[in-house]
């Protein structure tokens, strides 16, 4: 097992942790949590969910051209994806004006439809959307070593959860096929829902932004157990990893380091503090370049 | 199986539903949801959780006698449980003043402790608290026919969830032993939690009041699937039962009718509208008196 991981300290840390857990932790307490964007699938050059949302916003402009007078509809209509990247950069530089425009459009992009209709839109997106630079379908952008790790932990009696800042109901339609993780074990960000005549309708109101300290809170809310294994790749995963590492028995926290420009992407922006914990907190760094024999399964 | 159910139309409805489901619904979509208070365990003469909270409020007064100057601390300190019942009656008559005093005290009764400490308080309560009139421990107040039904549905591949207006973290410490339902499948009301240094701390801020239309919203949030079997006993369960009955395939909604003053309690207050649906919506009424050979297992 773990054939797609190279032999070395990272793989050894996983193997040793799994063996300690199986010898000292009750099966129902063997809970593992996985971030998604940048941990289980690619998040560059943009979040996959952003592509889904920009396409939807472009549809909204096509149906109502007057919308194109304002951002982000102007950019979506003209295919100006740079605007969306710059909104994020401006935010890091302290200017939230574009991010606020974007947030309002994003929240309302799929409002006032049933949860079933929302799932149908997500499925339609994944049926033909492709990664813009890697030459593969988004559904083939899951990291093979991580999918192998999910199966490996299951073989030791672990139950795996996805705990992502991404949309809960954006991930759920594809997580079973891509990762073998069913909807009831997907924890993510969400909009509020309204019950009406046997159906649940989406709203444009944010419910959870599942990032940072919210991740451990939502893990407890959903699972009612403290995870003992946690893996992420960004500063928004720090609290989740700390929460796992504060377990009384064996625990393991891993940070995926995107250092593989040849096969995927190389970046540390937004991950600096998480990577610092590798030195200061005994977390395990996963080098995509050195620890993974392959990145994708095909 | 279902030995504690008498032969008749109610038991037949369950058996026929389970057989239809197993023949036409994928195993992962066989989701069943159970209310708790009055559906899986007794809720009279008062919610079990109210007993837990009143005992805790009495402890707070013992530690700080000045609290006894105001309600509900006065009542808790003097063992005046009638005040708590009257707060509810006044609420039904349009006077919320006592209920507001109660809500504030209830929310703050277990604030600012870790989730582990909260579980320890719950376990200490259940270790020796007894039902005030039925002469049995609260942990022996689960309805034997309903526990048998949980196992029966599991034998047909169903996954059972508890979906209760009661406190999520009040139920979780005992649901595995009492019902065979683990913490990750308990959906209930909750207070907000704060993450701090590897621990989650309770607050006095309400998060979810898991009742009425909130029940289907939380079911989707937690499970990501529509249940096809739902059982409750009060008006706060109506939306959850409607949500299950709106499934495209086989579905069953049941309402427990407390009509058994000899063995448990007889009441319809708060259940009138739910019972109306038995006539108007094809829901199945469960008569505790006629459909159950036994109520408790001992």
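The values are calculated or read from the model by the stated rules, or taken from the named source; none is laboratory data. All of these numbers come straight from a predicted model, not from anything done at the bench. Here the Cβ is made from the backbone with ideal geometry for all residues, glycine too, and neighbour counts use every protein chain on show.
Just give me the residues in the range A:205-217 being crowded, with 22+ Cβ neighbours inside 10 Å and either part of a loop (DSSP other than H, G, I, E, B) or more than 7 Å from chain B (Cβ to nearest Cβ) (or both), in sequence order.
A:210, A:215
Among the residues of the range B:65-81, is any over 22 Å from the mean Cα position of the chain (by Cα), in a helix (DSSP H, G or I), under 26 Å from residue B:208 (Cα atoms) and not assigned by TED's automatic domain parsing to the domain that holds residue B:271?
yes
Output the number of the condition that residue A:261 fails; it satisfies all remaining conditions of (1) in a loop (DSSP other than H, G, I, E, B); (2) within 14 Å of another protein chain (Cβ to nearest Cβ).
Failing condition for residue A:261: (2).
With the requirement that a residue be surrounded by 16 or more Cβ atoms within 10 Å (Cβ to Cβ), out of contact with any strand residue (DSSP E or B) (no Cβ under 7 Å at 6 or more places or on another chain) and not in a loop (DSSP other than H, G, I, E, B), what does the range A:108-137 give you?
Scanning the range A:108-137 gives A:109, A:119, A:121, A:122, A:125, A:126.
Looking only at the range B:241-257, which residues are within 9 Å of chain A (Cβ to nearest Cβ) and either touching a helix residue (DSSP H, G or I) at 6+ places or on another chain (Cβ under 6 Å) or free of Cβ contacts under 8 Å to residues at least 12 places away in the same chain (or both)?
Scanning the range B:241-257 gives a single hit, B:243.
Answer yes or no: is there a residue in the range A:147-166 that is more than 9 Å from every other protein chain (Cβ to nearest Cβ), farther than 22 Å from residue A:243 by Cβ and buried (at least 22 other Cβ atoms within 10 Å of the Cβ).
For the range A:147-166, residues more than 9 Å from every other protein chain (Cβ to nearest Cβ), farther than 22 Å from residue A:243 by Cβ and buried (at least 22 other Cβ atoms within 10 Å of the Cβ): absent.
So that you can scan it fast, the table gives a plain yes or no per residue for (1) without any contact (Cβ under 8 Å) to a residue 24 or more places away in the chain; (2) more than 19 Å from residue B:195 (Cβ to Cβ):
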position	(1), (2)
A:188	no, no
A:195	yes, yes
A:199	no, yes
A:205	no, yes
A:213	no, no
A:221	yes, no
A:224	yes, no
A:228	no, no
A:231	no, no
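In the range B:223-236, which residues are within 13 Å of chain A (Cβ to nearest Cβ) and either over 18 Å from residue B:285 (Cα atoms) or assigned to a helix (DSSP H, G or I) (or both)?
Once the filter is applied, which keeps residues that are within 13 Å of chain A (Cβ to nearest Cβ) and either over 18 Å from residue B:285 (Cα atoms) or assigned to a helix (DSSP H, G or I) (or both), the range B:223-236 yields B:223, B:224, B:225, B:226, B:227, B:236.
For the range A:271-284, give me the residue count where each residue is out of contact with any helix residue (DSSP H, G or I) (no Cβ under 6 Å at 6 or more places or on another chain) and more than 14 Å from chain B (Cβ to nearest Cβ).
7
Determine whether residue A:105 is assigned to a helix (DSSP H, G or I) and loosely packed, with under 14 Cβ neighbours inside 10 Å.
In short, no.
Checking residue B:83 against (1) surrounded by 14 or more Cβ atoms within 10 Å (Cβ to Cβ); (2) touching a residue at least 24 places away in the same chain (Cβ under 8 Å); (3) at negative phi, only one condition comes out false. Which one?
(2)
Name the residues in the range A:11-37 that are touching a helix residue (DSSP H, G or I) at 6+ places or on another chain (Cβ under 9 Å) and assigned to a loop (DSSP other than H, G, I, E, B), would you?
Correct list: A:30, A:35, A:36.
May I ask you to list the residues in the range A:170-195 that are over 17 Å from residue B:28 (Cα atoms) and either crowded, with 19+ Cβ neighbours inside 10 Å or more than 11 Å from chain B (Cβ to nearest Cβ) (or both)?
Those that are over 17 Å from residue B:28 (Cα atoms) and either crowded, with 19+ Cβ neighbours inside 10 Å or more than 11 Å from chain B (Cβ to nearest Cβ) (or both): A:170, A:171, A:187, A:188, A:189, A:190, A:191, A:193, A:195.
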